[in-house]
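The values are calculated or read from the model by the stated rules, or taken from the named source; none is laboratory data. Since we're looking at a predicted model, the values are computed, not measured. Note that each Cβ is placed from the backbone with ideal geometry, even for glycine, and that neighbours are counted across all protein chains shown.
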Amino acid sequence: MSSAVAERDPAFEKLLSYIKESRGFDFTGYKRASLIRRVRRRMHLVDVDSYDDYMDRLQLDPSEFTALFNTILINVTSFFRDPEAWAHLQNELLPDVVARNGDGPLRVWSAGCASGEEAYSLAICLAEVLGTDAFRQRVKIYATDVDEEALVQARLGSYTDRDLAAMPPALAEKYFETAGQYRVFIKELRRSVIFGRNDLVQDAPISRIDLLLCRNTLMYFDAETQARILRRLHYALEPGGLLFLGKAELVLSHGRILAPVEGRRRFFRKVVTDPARERALVLGIGPGDVGDGVDARENADDLRVRQEALLSAPTAQVVLDPAGRLLMSNRRAETVFGLSSRQVGHHIADLELGSRPVELRPLLDQVIRERRTIWVRGVEWTRPGIETLWFDVQIVPLGAAERGTLGLTVIFNDITSQRVLQLELELAHNQLETAYEELQSTNEELETTNEELQSTNEELETMNEELQSMNDELGSSNNALRDRAGQVDELNDFMESVLASLTVGVAVVDEDLNVSAWNVPAQELWGVQADEAIGRSLFSLDIGLPLGRLRTPLDSMLAGPHDKHSAVLVEAVNRRGRPVTVQVTLSPLVRDEDAEHKVSGAILVMEEMKDGSKAV
């Protein structure tokens, strides 16, 4: 058991089991670091600290499942994400996919389609290659996801201008119709896109697929679950079918079932394997469980014995398909000829083995043509710096005569022992075994390092997706705050305009008697500017108004009922030093949102009396 498994939190695993049993969502194959981070985020939002308490919360409030799934299932996608890869698909690969099917139907699967942008991007690419009429007649696009809410949005095919920003304007104009403030994918092609729920971990794959997209989905799963999903995707593809993965996803350890077409852009082609074994692996049963009336366990044991016998055979042996592509090789062939699983699917002509130690291509053609075994004896193979080897090469056709040749096996019988002394042979064999073990150890270390780097890359990609999702949320919040700030600015401008339009001095104080508003007539009357008055206590202002006369009525007003008003006529000195009579009208300031109508300040209207009235 790995340390990652051994260190798993039992309480968290119990929570995952409960989710699987109660709602059918199996998150046990997800990478634990990312999964725990997403669940913890949801727990923090509902103020829950332990996994057991959160499981109780799910039991008491079933609606919490929806919020949890929306947090875990990161639906970050866009049209033509990674434009360079999409351009390569449309211009270089799709014409070949279309040509291989002739005039027949094309079946395409977008696995993990989220809100549908990827599925509609596929439809646009195929429509551009085929034309709209041929597209409607030939193409079926199956778009699947586990998130029901995302599928509801995908089925609408409705997007904003912001969603279509990354798409060339000409394509957006051609394939989307305007409906209010949204752009809707045209109905003429929408009927060929079928959306449905499918769990890549648990549900059976869609079969007979010519092109399969599964982008930025595998990176959320651990290595074991990734391998299981890749076997299902391999089973779904037609022979030679094309698989398009995300930029953070590699399949270097699955070269026996997927051959790279364009590795940098993550395009792979299906390598044909035994159909019965392939089906058994997809269904999660042993290879021998697919027999006709024969005990399943015995078949499984027999198949494993045969496979192990081939792999461990002391004679170097490779298996080719009728076209000359490498299907498999045993351990001895890998050691002697430097083969590896990454070369599975390559044509023999592209490998050194095709010409050394013997020219195989004409011999393979002869075996297929004559359907009989051919021997080439006494082949000498001299490699620089390595001792000379001799082989008897045997090329055997595979398959019943009436069914034609299904493949070929090439057996290199080492007869060096007949040419050199036994001691020299043993010494050479020991040296070769040592070199093989060192090479194998180095290869395993490199594979381990590569897996760790891939895992780190996928984790960084996952965190990037989360940050992008959080950035979208912050963007929405910023827009709302910006709108609210605009409204506040408008209200402030309106208030300042109203105060400035009055011909009498106005001052507004809060419940602590600090000035919060001071209009222009008040500045003209007392010679104090607004920036000098606002924020200061009214009674700290150096003006010619006898503020002491206002203390008692202001205190009474702030403590009294909200409808109490008063007026005070006082003798004062204006900013020019001239005596004036001023009537100060005091009104309570009450905010509408205060349900108790509590007085939160006062409004002072200061009017200079022109009729000679005198203060009492």
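Summary table below
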read-out	value
Thr77 being out of contact with any Asp or Glu (no Cβ under 6 Å at 6 or more places or on another chain), of a type in the set (Ser, Thr, Tyr) and part of a loop (DSSP other than H, G, I, E, B)	no
Residue check for Val498: out of contact with any Lys or Arg (no Cβ under 9 Å at 6 or more places or on another chain), modelled with pLDDT under 85, surrounded by 11 or more Cβ atoms within 10 Å (Cβ to Cβ) and within 30 Å of Ala559 (Cα to Cα)	yes
Boolean, Ala485 is in a helix (DSSP H, G or I) and either at pLDDT 90 or above or not basic (Lys, Arg) (or both)	yes
Subset of the range 195-225 [under 22 Å from Glu459 (Cβ atoms) and either in contact with a strand residue (DSSP E or B) (Cβ under 9 Å, 6 or more places away or on another chain) or surrounded by 23 or more Cβ atoms within 10 Å (Cβ to Cβ) (or both)]	Leu200, Val201, Cys214, Arg215, Asn216, Thr217, Leu218, Met219, Tyr220, Phe221, Asp222, Thr225
Tabulated pairs, the range 184-196, first on the phi < 0 side of the Ramachandran plot, second acidic (Asp, Glu) and exposed (fewer than 15 other Cβ atoms within 10 Å of the Cβ), C-beta under 9 angstrom, 6+ apart or interchain	Val184/Glu177; Phe185/Glu177; Ile186/Glu177; Lys187/Glu177
Filter pass, Leu339 being surrounded by 13 or more Cβ atoms within 10 Å (Cβ to Cβ), aliphatic (A, V, I, L, M) and over 21 Å from Val420 (Cβ atoms)	yes
Condition check for Arg100: buried (at least 18 other Cβ atoms within 10 Å of the Cβ), touching a residue at least 12 places away in the same chain (Cβ under 8 Å) and closer than 17 Å to Leu130 by Cα	no
Answer from Arg107, Arg57 - the residue that is basic (Lys, Arg) and in a helix (DSSP H, G or I)	Arg57
Every residue from the range 463-511 that is polar (S, T, N, Q) and touching a Pro at 6+ places or on another chain (Cβ under 9 Å)	Thr503
Candidate set: the range 390-435, residues that are at pLDDT 80 or above and of a type in the set (D, E, K, R); chosen: the one farthest from Leu360 (Cα to Cα)	Glu433
Residue check for Tyr175: closer than 27 Å to Ala99 by Cα, out of contact with any helix residue (DSSP H, G or I) (no Cβ under 8 Å at 6 or more places or on another chain) and surrounded by 19 or more Cβ atoms within 10 Å (Cβ to Cβ)	no
Residue among Val48, Val97, Val129 that is outside any strand (DSSP E or B) and in contact with a Pro (Cβ under 9 Å, 6 or more places away or on another chain)	Val129
Residue within the range 515-536 that is surrounded by 13 or more Cβ atoms within 10 Å (Cβ to Cβ), touching a residue at least 12 places away in the same chain (Cβ under 8 Å) and out of contact with any strand residue (DSSP E or B) (no Cβ under 9 Å at 6 or more places or on another chain) present	yes
Condition check for Ala559: in contact with a Phe, Trp or Tyr (Cβ under 6 Å, 6 or more places away or on another chain) and either within 18 Å of Ile603 (Cα to Cα) or not charged (D, E, K, R) (or both)	no
Some residue of the range 362-375 being among the aromatic types (Phe, Trp, Tyr), modelled with pLDDT of 80 or more and closer than 28 Å to Ala227 by Cα	no
Filtered residues of the range 107-144 (kept if among the acidic types (Asp, Glu) and either more than 17 Å from the chain's Cα centre (by Cα) or under 17 Å from Ala204 (Cα atoms) (or both))	Glu128, Asp133
Any hit, the range 38-55, residues being surrounded by 12 or more Cβ atoms within 10 Å (Cβ to Cβ) and in contact (Cβ under 8 Å) with a residue 60 or more places away in the chain	yes
Every pair of residues 6+ apart whose Cβ atoms lie under 9 Å, when the first sits in the range 104-118 and is in the same structural domain as Asp147 (by TED's automatic domain parsing) and without any contact (Cβ under 8 Å) to a residue 40 or more places away in the chain while the second is in a strand (DSSP E or B) and of a type outside the set (Val, Ile, Thr)	Pro105/Lys140; Pro105/Asp210
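Each row is one residue, and each column tells you yes or no for (1) of a type in the set (A, V, I, L, M); (2) over 24 Å from the mean Cα position of the chain (by Cα); (3) in the same structural domain as Gly104 (by TED's automatic domain parsing).
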residue	(1), (2), (3)
Val146	yes, no, yes
Ala154	yes, no, yes
Leu164	yes, no, yes
Pro169	no, yes, yes
Gly180	no, yes, yes
Gly196	no, no, yes
